[in-house]
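The values are calculated or read from the model by the stated rules, or taken from the named source; none is laboratory data. No experiment lies behind these values; they were computed from the predicted model shown. Reconstructed Cβ throughout: ideal geometry from the backbone, glycine too, with neighbour counts over all protein chains shown.
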Amino acid sequence: MSNTSFKTLTKITGTWANEGISFRRRQVSKPSISAIATSSKISAGADGASAEQVYFDKKLPTAIGGAVLVGEQLYGTGSVLICADFATGKVRWTDRAIGSASLLVADGKLFLHGENGEVAMVEASPEGYKELGRFTPPGSPQPGKGKAWSYPALADGKLYVRDLGMIWCYDVKE
């Protein structure tokens, strides 16, 4: 077996610890990036697998909304939207945007569904934050009375946003 390195992992379980932060028995069942405060290079060879830390930064997003890789940039949220260089972990920019949010990427745009219920479309650019639109679906959680946690979905140019027994569909084709 040749020595192979992976950028995304599938079905990896175990205990990971780094500078007081530990991720126990975490299982990633699809190619995704979570808990990205640290990046590790996983290598598999005839002698087994090994992990090497590439970078660690507590400022990088580790919130429930996940992160997406667009080109060489990683985008994710904590209390702010963050753009970071995937190879180095260096933060390129941050913006309050809509706060903590779940996100997806399509056609060079980030679609964010904030825990406050707001929805925003943002250009995925390493140059800086550029909001292309924002709205609040009718019937979204009232501030202090609930949080929106569902991920937005996109199919056939339609953006689907779900929350608290409601689902909205918006045509986002250009």
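Couple of notes before you dig in:
- Strands (runs of 3 or more DSSP E) wholly inside segment 67-167 that include at least 1 residues being modelled with pLDDT under 85 and surrounded by 18 or more Cβ atoms within 10 Å (Cβ to Cβ): 158-163
- Of note, residue 71 does not satisfy the criterion of being in the same structural domain as residue 120 (by TED's automatic domain parsing) and more than 12 Å from residue 124 (Cβ to Cβ).
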